[in-house]
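Report on the following structure.
FYI, it's all coordinate maths here, none of it is from the lab. Owing to the predicted nature of the structure, the values given are computational and were not obtained by experimental measurement. Cβ: placed from backbone, ideal geometry, glycine included. Neighbour counts: every protein chain shown.
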Amino acid sequence: MRDDIIWELRSDKVRELIKSSQRLDGRALYEYRPIKIETDFSKNAHGSCRVVLGETDVIAGVKMDVAEPYPDTPDEGSITVGVEFMPMASPVFEPGPPDQNATELARVVDRCIRESKAIDFKKLCIEEGEKAWFVFIDIYVANDSGNLFDASSLAALGALLNTKIPKLEDDKIVKDEFVGKLEVAKRPLLTTFAKINGKLLLDPAIAEEKAMDARISIGTTEEKLMSALQKGGPGSFTQAEIEQCIDLAFEKSAELRKLLKVE
């Protein structure tokens with residue numbers, strides 16, 4: 001009960017500040033929190049990345065495995081994105097199967113990557129109709145302080161960019177031996193905005209998420225193409241607001257790519 005009262009008071013403060021285009025942490029409306037990125041830190045994953053966005057902490061690991069292609073795409077591999085909300089990350093996260101929020105996050109990150117054609121699935125084919133590489137992207141939320149969409153998207157892309165393809169011998173993966181890096185043709189990223197009291201802001205922190213009327217996440221590539229769009233919350237956006245968010249998404253995602261040292 002006490003926590004609910006504290007969050008309610010913080011939300012009231014967020015709504016009051018936004019009237020004069022101010023934010024609780026002093027940021028500008030279209031400014032990200034400080035970002036730290038660490039890549040290739042896991043000895044067991046084929047690719048890995050940790051992103052700390054403000055106090056939001058997300059880890060992504062990639063494992064590649066060989067499996068039979070899907071019947072409708074016999075000459076293609078694929079990707080699979082999974083998300084786990086670790087109970088220590090938030091008082092509201094519980095052990096057990098992914099809830100609807102974790103499922104939504106996984107699907108939006110998957111869509112952002114898949115629809116951008118960042119990975120050519122045909123190049124993952126080993127033997128048509130028999131064997132193909134499948135890329136498993138596992139995302140673990142270690143601390144939720146808001147905007148899991150952008151943090152997870154950035155971590156997933158960072159992990160993919162340093163993923164190595166394992167060596168195969170007699171259809172079995174050879175441990176700690178690789179034949180090259182996974183080819184990632186594009187750099188798709190999500191950029192998330194919240195709407196509070198009629199104003200838009202980038203990268204909502206947890207208190208802003210609790211105060212927001214609506215949320216929109218936009219997936220873009222460096223070629224200024226959209227690959228995903230997800231709206232959340234009970235509120236709505238005007239066409240002009242959506243267009244503004246899209247323009248800002250292209251601009252802000254370019255800033256994020258520079259942090260990954262890719263253009």
What are the aspartates and glutamates whose alpha-carbon lies under 18 Å from the alpha-carbon of Lys19, with same-chain residues fewer than 8 places away excluded?
Glu8, Glu31, Asp203, Glu208, Glu209, Asp213, Glu241
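Report the full-extension gain for the segment Met86 to Glu128: residue separation times 0.36 nm, less the Cα-Cα distance, to one decimal in nm. Walk me through the numbers on the way to the answer.
Values: separation 42, 0.36 × 42 = 15.12 nm, distance 3.80 nm.
In short, 11.3 nm is gained.
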Relative to the longest principal axis of the C-alpha atoms of the chain, give the angle of the C-alpha long axis of helix 100-114, reported between 0 and 90° and rounded to the nearest 10°.
60 degrees
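Can you figure out the FRET efficiency of Glu31 with Phe136, using R₀ = 51 Å and their beta-carbon distance, to the nearest 0.05? Show your work: numbers first, answer last.
Values: r = 34 Å, r/R0 = 0.66.
Using R0 = 51 Å, I get an efficiency of 0.90.
Show me 152-162, 48-58 ranked by packing, highest mean number of other Cβ atoms within 10 Å first. Write out the running numbers ahead of the final one.
Values: 152-162: 26.3, 48-58: 22.7.
Final packing ranking: 152-162, 48-58.
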Put +1 on the Cβ of every Lys and Arg and -1 on every Asp and Glu Cβ in the chain; which of Phe134, Leu200, Leu190 then has its Cα farthest towards the positive end of the dipole?
Leu200
Based on the inverse mean of 1/r over its pairs of different Cα atoms, what is the Kirkwood hydrodynamic radius of the range 174-263, in Å?
14.6 Å
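Could you give the alpha-carbon Rg of the range 177-226 over 2.2 N^0.38 Å, rounded to two decimals?
On the way: Rg = 16.4 Å, N = 50, 2.2 N^0.38 = 9.7 Å.
Relative to the 2.2 N^0.38 Å estimate, the range 177-226 comes out at 1.69.
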About the Cα centre of the chain, what is the dipole size in debye to 20, counting +1 per Lys and Arg Cβ and -1 per Asp and Glu Cβ, all else neutral?
860 debye
For a label point 7 Å along the Cα-to-beta-carbon line of Leu168, residues of the range 59-81 with backbone N under 18 Å
63-80
Lys43 versus Thr103, label points 7 Å from Cα toward the beta carbon: distance in nm?
3.8 nm
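Would you tally the net charge around Met86, using a Cβ to Cβ cut-off of less than 10 Å, leaving Met86 out, and scoring K and R as +1, D and E as -1?
Numbers: positive: none; negative: Asp57, Glu84, Asp144.
That works out to -3.
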Ranked output for segments 140-150, 167-177 by mean other Cβ atoms within 10 Å, highest leading, reads 140-150, 167-177
Where labels lie 7 Å past Cα in the beta-carbon direction, separation of Ser236 and Glu115 in nm
2.1 nm
Cα centroid separation, the range 175-243 to the range 12-72 (Å):
11 Å
Given the pairs Lys122/Lys231; Lys122/Lys167; Lys117/Lys261; Lys43/Lys123; Lys123/Lys181, which span a C-alpha to C-alpha distance of over 22 angstrom in this model?
Lys122/Lys231; Lys43/Lys123
